[in-house]
1. Given points 7 Å out from each Cα along the Cα-Cβ axis, report the Glu273 to Glu143 separation in nanometres with one decimal.
2. Report the FRET efficiency, 1/(1 + (r/R0)^6), for Lys216 and Phe383, where r is their Cβ-Cβ distance and R0 is 45 Å, rounded to 0.05.
3. May I ask you to sort Val278, Val158, Val153, Val272 by Cβ crowding, counting other Cβ atoms within 10 Å and putting the fewest first?
4. Please list, in order along segment 278-283, the HN-Hα scalar couplings obtained from phi with the Karplus expression 6.51 cos²θ - 1.76 cosθ + 1.60 (θ = phi - 60°), rounded to whole Hz, x for Gly and Pro.
5. Filter Lys133/Lys327; Lys289/Lys327; Lys42/Lys357; Lys294/Lys357; Lys133/Lys293 down to the pairs with a C-alpha to C-alpha distance above 30 Å, please.
6. Using modelled amide H (1.01 Å from N, peptide plane; none on Pro or chain starts), what sits under 5 Å from the amide H of Glu411, excluding residues fewer than 5 places away?
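We did not get these values from a lab; they are worked out from the coordinates using the rules stated. In this text the structure is predicted, and so the values were computed from the model without any measurement. A quick note on method: Cβ atoms are made from the backbone with ideal geometry, for glycine too, and the neighbour counts reach across all protein chains shown.
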Amino acid sequence: MTMFENVTRALARQLNPRGDLTPLDSLIDFKRFHPFCLVLRKRKSTLFWGARYVRTDYTLLDVLEPGNSPSDPTDSGNFGFKNMLDARVEGEVDVPKTVKVRGTAGLSRNSTLEVQTLSVAPKALESLHEERKLAADHPFLKEMRDRGENLYVVMEVVETVQEVTLERAGKAEGCFSLPFFAPLGLQGSVNHKEAVTIPKGCVLAFRVRQLMVNGKDEWDIPHICNDSMQTFPPEEKPGEGKCALIQASDVGEVHEDFGTLKEEVQRETQEVEKLSRVGQSSLLSSLSKLLGKKKELQDLELALEGALDKGHKVTLEALPKDIVLSKEAMDAVLYFLGALTVLSEAQQKLLVKSMEKKILPVQLKLVESMMEQNFLQDKEGIFPLQPELLSSLGEEELTLTEALVGLSGLEVQRSGPQYTWDPDALPHLCALYAGLSLFHLLTKAS
């Protein structure tokens, strides 16, 4: 994980464990997650790596008829937390309505992160609802209606009060010291110092509520929603796509252990396995070209979702024209695309290198062993690794594997061997496990 992701995930977990506060995973997108911003939720989602939202270039105010602007979002009040950022930062309430977080072991003592919560006031939302109708002919709304998308409005955010530069020293994300990493753009040193500057007013986490469109120009944002609710009236949709994509994991199923994730991944890989050998090889070629290009992977995900909505048949770039993905295969590809886009671009590039080195089976067993042992562990700890999990790897392959796992938030230590478990790393590890499972299958077929 990037340092920014470490901060936002730890913040969300401390402020709202098991709740609906979603951490932002990309610093570059923070301006599109302010209050009143409209966002999309990914369709083929899973609770294992969390609900995922995609920014749009519009706010709720953009798609309403002209009129008075609502009052500014208000501060939600005091809150306090501790053990943020790698469980080594303590929080203390310094002044009303703010929290200052000062680093200890894992963060530079000179770094102080001060955050506040801002939310849309109920009275402001009520006034806006009474005074301004929906601009029914807005092009963005037309596009979303045709695609059968659900729209969500950002209603509350946790944001920085002041610009801050956070620093961290360590090995887990600085394993890129060997020359063969240079062409991948993964340069660094084992004993490195990482820093990220977070600007003032940067959104770190957010809450959403679903936008509902009633008739032509009436709208509402209900307090309680469920996954069967649709933003646009069903009778105005051209196809059924949305309903067909609701997964069991989207409707509140509780995952009890690693076995549940393993079964879920196996179901999806079985659908991919039904493709012909040529189809699997072509899918491998298509996806491999996109690894390390996160935006292109996200664009493919959106294209597949749109095709499913409209009932279109889909072929990927490297697929022969006579090999068309079935709906079931498209669902499975969407599932794995969702996992891959959770990974950083550096991890995606490392997956390509792992395929070239033919070490995916070893990496898959390594990640599986870690999660079998600690899937429900909610505290940090150091745990032993089975020596045979690393014994077959040469120096370069071992360093590559350490980097791949380390970018998910776990540090593998050759001595022992052992590793440090971090519960905040679990969503990334789940996504990495899914990605490794997919490419292990596809490389066997090629």
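1. Here the modelled spin labels are 3.9 nm apart.
2. 0.15
3. If I rank by nearby Cβ atoms, fewest first, I get Val278, Val153, Val272, Val158.
4. Per residue, the Karplus-derived 3J(HN,Hα) values read 5, x, 5, 5, 5, 5 Hz.
5. Over 30 Å Cα-Cα: Lys133/Lys327; Lys42/Lys357; Lys133/Lys293.
6. Thr420
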